[in-house]
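Student: This structure is in structure tokens; I'll ask about it shortly.
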């Protein structure tokens, strides 16, 4: 068994632990009679049905089939599959020796991506074409040899183009323009290629490049406004031209046009499903006052619309303030990523949240700030995903789900977290401005660092940075829940269920990508992609499940962000702790004491159930217990008490352990923001036995 297989099995073991934990809690909650029903396992059955169905459908469809060699070539060009381009062109040329467009594609792809044998065979076929009586055959052969000569960058001191008789043949003047070292001469050749209705697409792009070198804004604008040629320029190029020439109506057309060009129903549905997956997951943390879907979807829509403002803001920074990306100057590129990408996108994402915060009252507890900030970011990510899914032929569905989408939520939440500290910690105006500026700056640099590492192909370092960012995200969520002004000790997070649903959701996304790729590219390609990415996919799903399931609400606690506090969760012992639930809510305990206990000797034993974990005098590990019969001690509550093991790190599941036993003055005492031990009545020599 290979090392990869062993690691894959380890991660599968981790994920199964979370699934078993979910069903273990469900079994205890609903009992054995109701447990063995379809409803209990419906989520798991649906996901496994999709997995099996997707696999069977992809295998049944089989390999990608083409109606003709020309279809194979078109598919290869659209998806940058050089092997299909070469194979298709070989078939077309075999049937039609003088198919000029296929010869051009063949020459380019076989030189850069083909094997030595393929290149030598093609050159041999060109020399054979020279021997044909047809002038067209000879012209094509000399032209392609000229291209191969140009690609090689080696001076053979032999000009194949001199032997071409038809000076108007497609690609001839284009090649002369490529070979020319004089800009004006090259412009003449490219214009001639367009005049002869040859390779207009390539010639238009090269003309633009030359006009940029000469800073000829007038010629660039004429090119962009030329109806027959502007279609060969990208939306981003035309956007830049119209911005610099203050043609704002055309500029807006290019911004909207890019989204329209890349929009497909499949990309929109896929992007929305991913945003909804995360929106629903984050909403499940909002346990005290759950937000209405209509508010969340409204903010989501505003975040989607706000995406369009990225373009003018970024273009002002690039073309007015001259920020530029070099790919060589490290400091310059980091600043570019942090300002032009990070600052612009974070500003655009936070504005919908701030508008809602200012104009409406439904953002009324700390976690709402994280939730609505993240939902605005999900709207932004939705529009971004529509573009990227279609542009990258759906190869990036899963990676964007677990990286880019989560990253957008985290960076926006940093800013929202700053507003939590302002609005719930009663900051002064001066300190509030410092917190806003600091959180926005941190979000910008965090976003910029992610893109910077991505652009510089520092994948491993970027993964570490991203994982550390996620830990901070979890701390922010946890702290915002800890200080909720709607806190209710009777309501608790169902961590095991949330981890389970996150796992099956992300597995579903992974299989959705597999299905789409399989339908579009064939079963072999989809199978290879799924197997090659399985280890990484399992790793990131496990990491996300462990992190988010580590959230445990302790009223009033404001945790300092620490990476080291999460290390135990990534061991098997940590997973076992999760499986058996660190928080012993639901445990049934029998309480007893000694005969000499002046308060409880005649009233114990009694049976009690652990209801909730509490924080007493800023110390965690205390538990509220409700008894099955009253205990009368002065005027204290008779059916409730607060306990914890006297010995640290001792589980209440053990038998005959000594506990600190505190009687509670009244019910309202439990709703106090800060519960102090001195306000409770302690009773010594109390012990417990775990019954279930």
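Student: Tell me, yes or no, whether the range 180-201 has at least one residue that is at pLDDT 95 or above, outside any loop (DSSP other than H, G, I, E, B) and either closer than 17 Å to residue 238 by Cα or under 41 Å from the mean Cα position of the chain (by Cα) (or both).
Tutor: yes
Student: Considering only the range 630-640, I want to know if a residue exists there that is within 14 Å of residue 589 (Cβ to Cβ), in a strand (DSSP E or B) and within 45 Å of the chain's Cα centre (by Cα). Quick ask: steps written out before the conclusion?
Tutor: Kept after step one, since they are within 14 Å of residue 589 (Cβ to Cβ), are these residues of the range 630-640: 631, 640.
After this cut, where a residue has to be in a strand (DSSP E or B) as well, the list is 640.
Pick out the ones that are also within 45 Å of the chain's Cα centre (by Cα) and you get none.
For the range 630-640, residues within 14 Å of residue 589 (Cβ to Cβ), in a strand (DSSP E or B) and within 45 Å of the chain's Cα centre (by Cα): absent.
Student: So if I check each of 492, 469, 484, 480, which one is over 22 Å from the mean Cα position of the chain (by Cα), touching a residue at least 40 places away in the same chain (Cβ under 8 Å), in a helix (DSSP H, G or I) and farther than 24 Å from residue 389 by Cα? It would help to see each step written out before you state the result.
Tutor: Details: 492 fails: in a helix (DSSP H, G or I); 469 fails: over 22 Å from the mean Cα position of the chain (by Cα); 484 fails: in a helix (DSSP H, G or I).
None of the other options fit; the residue is 480.
Student: Evaluate the range 630-641: report whether one residue or more is modelled with pLDDT under 85, under 28 Å from residue 496 (Cα atoms) and surrounded by 14 or more Cβ atoms within 10 Å (Cβ to Cβ).
Tutor: Scanning the range 630-641 turns up no residue that is modelled with pLDDT under 85, under 28 Å from residue 496 (Cα atoms) and surrounded by 14 or more Cβ atoms within 10 Å (Cβ to Cβ).
Student: Which condition from (1) modelled with pLDDT of 90 or more; (2) more than 23 Å from residue 653 (Cβ to Cβ) is the one that residue 567 breaks?
Tutor: All conditions pass for residue 567, except number (1).
Student: If you don't mind, there's one more thing I want to ask. Determine which single condition residue 293 fails, assuming it passes every other condition in (1) within 21 Å of residue 491 (Cα to Cα); (2) surrounded by 15 or more Cβ atoms within 10 Å (Cβ to Cβ).
Tutor: (2)
Student: Also: Would you mind telling me which numbered condition in (1) within 17 Å of residue 108 (Cα to Cα); (2) under 45 Å from the mean Cα position of the chain (by Cα) residue 172 fails?
Tutor: Just one mismatch for residue 172, condition (2).
Student: I would also like to ask the following. Here is a list of conditions, (1) without any contact (Cβ under 8 Å) to a residue 40 or more places away in the chain; (2) in contact with a helix residue (DSSP H, G or I) (Cβ under 9 Å, 6 or more places away or on another chain), and residue 457 meets all of them except one; can you say which number that is?
Tutor: With (1) without any contact (Cβ under 8 Å) to a residue 40 or more places away in the chain; (2) in contact with a helix residue (DSSP H, G or I) (Cβ under 9 Å, 6 or more places away or on another chain) applied to residue 457, the lone miss is (2).
Every residue, every condition in (1) in the same structural domain as residue 270 (by TED's automatic domain parsing); (2) at pLDDT 90 or above; (3) more than 29 Å from residue 423 (Cα to Cα), yes or no:
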site: 457; (1), (2), (3): yes, yes, yes
site: 470; (1), (2), (3): yes, yes, no
site: 474; (1), (2), (3): yes, yes, no
site: 478; (1), (2), (3): yes, yes, no
site: 499; (1), (2), (3): no, no, yes
site: 504; (1), (2), (3): no, yes, yes
site: 513; (1), (2), (3): no, yes, yes
site: 517; (1), (2), (3): no, yes, yes
site: 535; (1), (2), (3): no, no, yes
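Student: Turning to a different aspect of this structure: Just name the residue that is nearest to residue 441 (Cα to Cα) out of those in the range 348-362 that are without any contact (Cβ under 8 Å) to a residue 40 or more places away in the chain and part of a helix (DSSP H, G or I).
Tutor: In this case the residue turns out to be 354.
Student: Run down 230, 219, 180 and say which single residue is touching a helix residue (DSSP H, G or I) at 6+ places or on another chain (Cβ under 6 Å) and under 24 Å from residue 161 (Cβ atoms). Let's see the steps before the verdict.
Tutor: Numbers: 230 fails: under 24 Å from residue 161 (Cβ atoms); 219 fails: under 24 Å from residue 161 (Cβ atoms).
Exactly one residue qualifies, and that residue is 180.
Student: Being over 30 Å from residue 276 (Cα atoms), under 25 Å from the mean Cα position of the chain (by Cα) and assigned to a helix (DSSP H, G or I) narrows it down to one of 319, 336, 325, so name that one.
Tutor: Values: 319 fails: under 25 Å from the mean Cα position of the chain (by Cα); 325 fails: assigned to a helix (DSSP H, G or I).
Only one candidate passes the filter, namely 336.
The values are calculated or read from the model by the stated rules, or taken from the named source; none is laboratory data. What you see is a predicted model; the values in this text were computed from it and never measured. Cβ coordinates were reconstructed from backbone atoms using ideal geometry, including for glycine residues, and neighbour counts include every protein chain displayed.
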